[in-house]
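For reference, the structure is listed below as structure tokens.
The values are calculated or read from the model by the stated rules, or taken from the named source; none is laboratory data. Not measured: the values here are computed from a predicted model. Positions of Cβ are backbone-derived with ideal geometry, glycine not excepted, and every protein chain shown enters the neighbour counts.
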Amino acid sequence: MIKYIFRRLVQAIPTLFGITVLSYLLMSAAPGGPAKALTFSANTTPQQIARVEAELGLNDPLPIQYLRWLLGDDWMRWDSDGDGIADGAVIIPLDADGDGIPEPPGNRRGILRGDFGRSFFYRRPVADMIGERVAATLELGISSLTFALIFGIPIGIFAAVRKGGAFDNVTRVGAVILNAIPNFWLGLILILIFGSWLRVLPMGGRAPSSILSGYPPIYERLEYLILPTLVLGGSAVAIWSRFMRASMLDVINQDYMRTAKSKGLSNQMTWFRHGARNALIPLATFLGPSITGLLSGAAITETIFSWPGLGRFGVQAVTSQDYPVVMAVVIIAAVSTVLGFILSDILYALIDPRIRFN
Amino acid sequence: MAAQSAVTKLDLKQKSGTVGLSLTQLALRRLRKDRLTILAMTVVIILAILSFSAPLITQALGVSPTRTQTDKTFLPPGSPVHILGTDDLGRDHLARLLYAGQVSLRIAFLAAGLSLTIGVALGIITGFYGGIIDDIINWLIATLTSVPLLFLLLIISSVLRSLSNAPPSDISLIIALGFLGWTGTTRIVRGETLSLREREYIISARAIGATPWRIMFTHILPNLFSVIVIALAIDIGSLILTEAALSFLGLGVMPPIPSWGNMLSNSQTFFTKGVHLVIFPGLLIFITVLCLYVIGDGIRDAFDPTSRD
């Protein structure tokens, strides 16, 4: 088992490597790039831009820039005698720009060690700002996933055991409709009805705006969670219920179901004790992809509901061309997706003894 | 003797309906009987015709999607001249919806065409050759699909924004959507190709010396027709949703060019003044996508060889 987990983790390395290269290349494809975004002002002199570029290491070759971003540069260029001037270096020469003055030693730790750089816009470490927003995204993600499972799985079971019946048809149509509704529009309509017309639910945010420091415990602000959960979890209900239905239909035709029935068990007993329990197993593989869906959806849902999470942070960063933040959000989303896939594979292998680890 | 001829007759009667028809002809016949799919196709075609004749319609009504009228803002639907009312700047809502439809449909159709071309070509090649090409493409797919699509589009559109310092044009949006959306099609086509390449007629084609390209594109490709048509309908639908979401977030089609997505961008501020501005664009996205999904489903059923007439 440990060998299996280890192998899955090793297999993920090329994918993760690809993600970092892809996003780094995309970001550096922007002409002018970070320096231009940082010095965007009418009265910036070319000298100032050049200084910012040198500080950011933009004069180095692209592979070195990538390495610095990934692994940091505190090991590439260091200061052993503590006078603030670099006296040792690998990969990057001591005097890279050739002006005769050695550059200061590196102090970046690289994204692999959790250093995502500083936000251009807020001038604060990106990692800190991410840390402040993770909880909100997790809160919304977990509540949406719970909502999707609580409704999706029973709907799938009942649709399968009464295949072709009224319930099956209604839920099938419902699933197609939920998939076709643009979820930002669904959010707007829900805000319009419950927030603007009926005034029973807040129009957005995560807590009353009067609170200045910290968030009250979740049970005191449940009303803020309802609409975002409906929007983010709604399409997930559709997907989970269809998946559960298909899985349940596979199980229903198995021999052991007939055996269970023929030994005199009631229908309900066969469906739930023998059917649903086995039909749930393949759903483990679906947890990984559903994390991707939740994260993608979070960007939109959080923006509509002014939910202070990572998705909204990412969207704002794109608008303000805050590259370190954009990169951090993309990398975090990608890594959690890859880990989600691995986790669901492991879960699948754990709960289904028929799966062998080799 | 009599019994035997009765059997033959019965056999002929059963077969006469379907005998001599190709899978595609059978599918078309089934489609013609599928009222829901026909209805969905009609709706999409009508929407497309209306959108692309927007200049004619607006001229006939005497309205314009760009003319702002400060004295006629937030007119409700049913107002004289402005059938669906006006927006916050007094522009005619119907005219804007029609022009937006043009933009949204064009982007979705072209991006779907692009992603399908890439997806089918890569799928056939990887399925046919296997080996290292297959490994590389699979790695690329795993990488692309592990970044949530919207975030990938966010980076690309931020790069595109800074590239030109101008709002991304239709073309760059189409390219971005097309180059990211091919992974699903590639997977399906690869699977189909894997099973097709073991068929006897492919082996015979090889035996008479057909080149790999000839086998891939004249023997395998036509057999993927149904898969491609289904993927096209579903792709266009989901691309309309993606484009709308991007434009809504202010990263896709940029105002003043209207798209169904960006018409909803500021709609939260219209809640009290003009609810129609929130309802119609979303409704049009919803109806179009729903119809495309229904069409995709209908075609899938029609091409399903196990389904009965």
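Is it the case that some residue within segment A:325-343 is of a type in the set (Ser, Thr, Tyr) and within 14 Å of another protein chain (Cβ to nearest Cβ)? Yes, segment A:325-343 contains at least one residue that is of a type in the set (Ser, Thr, Tyr) and within 14 Å of another protein chain (Cβ to nearest Cβ). Count of segment B:194-244 residues, restricted to those that are hydroxyl-bearing (Ser, Thr, Tyr) and closer than 30 Å to residue B:261 by Cα, is 2. For residue A:136, the conditions (1) surrounded by fewer than 19 Cβ atoms within 10 Å (Cβ to Cβ); (2) in a helix (DSSP H, G or I) are fulfilled apart from (1). The conditions of being closer than 29 Å to residue B:264 by Cβ and touching a helix residue (DSSP H, G or I) at 6+ places or on another chain (Cβ under 9 Å) are met by residue A:306.
Quick grid of which residues meet (1) crowded, with 19+ Cβ neighbours inside 10 Å; (2) under 30 Å from residue B:102 (Cβ atoms); (3) among the small types (Gly, Ala, Ser):
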residue: B:207; (1), (2), (3): no, no, yes
residue: B:241; (1), (2), (3): yes, yes, no
residue: B:254; (1), (2), (3): no, yes, no
residue: B:266; (1), (2), (3): no, yes, no
residue: B:287; (1), (2), (3): no, yes, no
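If we keep just the residues of segment B:221-239 that are of a type in the set (S, T, N, Q) and away from chain A (no Cβ under 12 Å), which is nearest to residue B:99 (Cα to Cα)? Of everything passing the filter in segment B:221-239, B:226 is nearest to residue B:99 (Cα to Cα). When the residues of segment A:307-324 are filtered to those that are facing chain B (nearest Cβ under 9 Å) and assigned to a helix (DSSP H, G or I), the one that is farthest from the chain's Cα centre (by Cα) is A:319.
Across segment A:59-71, the number of residues qualifying as surrounded by 17 or more Cβ atoms within 10 Å (Cβ to Cβ) and more than 18 Å from residue A:22 (Cα to Cα) comes to 1.
Can residue A:225 be described as closer than 28 Å to residue A:165 by Cα, under 20 Å from the mean Cα position of the chain (by Cα) and in a helix (DSSP H, G or I)? Considered against the rule, which asks whether it is closer than 28 Å to residue A:165 by Cα, under 20 Å from the mean Cα position of the chain (by Cα) and in a helix (DSSP H, G or I), residue A:225 comes out as no. Only one entry in A:277, A:258, A:312 is out of contact with any Pro (no Cβ under 9 Å at 6 or more places or on another chain), among the basic types (Lys, Arg) and closer than 30 Å to residue B:155 by Cα, namely A:312.
Scanning segment A:274-306 for residues that are within 14 Å of chain B (Cβ to nearest Cβ) and not in a helix (DSSP H, G or I) gives A:305, A:306.
This table checks each residue for (1) surrounded by 14 or more Cβ atoms within 10 Å (Cβ to Cβ); (2) within 12 Å of chain B (Cβ to nearest Cβ); (3) of a type in the set (Phe, Trp, Tyr); (4) free of Cβ contacts under 8 Å to residues at least 12 places away in the same chain.
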| position | (1), (2), (3), (4) |
| --- | --- |
| A:131 | no, no, no, yes |
| A:143 | yes, no, no, no |
| A:149 | yes, no, no, no |
| A:155 | yes, no, no, no |
| A:160 | yes, no, no, no |
| A:173 | no, yes, no, yes |
| A:185 | yes, yes, yes, yes |
| A:192 | yes, yes, no, yes |
| A:195 | yes, yes, no, no |
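Are any of the residues in segment A:21-43 more than 24 Å from the chain's Cα centre (by Cα), modelled with pLDDT of 75 or more and either within 14 Å of chain B (Cβ to nearest Cβ) or part of a helix (DSSP H, G or I) (or both)? No, segment A:21-43 contains no residue that is more than 24 Å from the chain's Cα centre (by Cα), modelled with pLDDT of 75 or more and either within 14 Å of chain B (Cβ to nearest Cβ) or part of a helix (DSSP H, G or I) (or both). For segment B:125-149, the set of residues classified as in a helix (DSSP H, G or I), out of contact with any Asp or Glu (no Cβ under 9 Å at 6 or more places or on another chain) and crowded, with 23+ Cβ neighbours inside 10 Å consists of B:146 only. Listed conditions (1) surrounded by fewer than 24 Cβ atoms within 10 Å (Cβ to Cβ); (2) at pLDDT below 90; (3) not charged (D, E, K, R) are all met by residue B:283, apart from (2). Within segment B:103-122, residues that are over 26 Å from residue B:219 (Cα atoms) sit with their Cβ atoms under 7 Å from residues that are of a type in the set (Phe, Trp, Tyr), at 6+ positions apart or across chains, in these pairs: B:104/B:260. Among the residues here, residue B:111 qualifies as more than 14 Å from every other protein chain (Cβ to nearest Cβ), at pLDDT 90 or above and closer than 25 Å to residue B:252 by Cβ.
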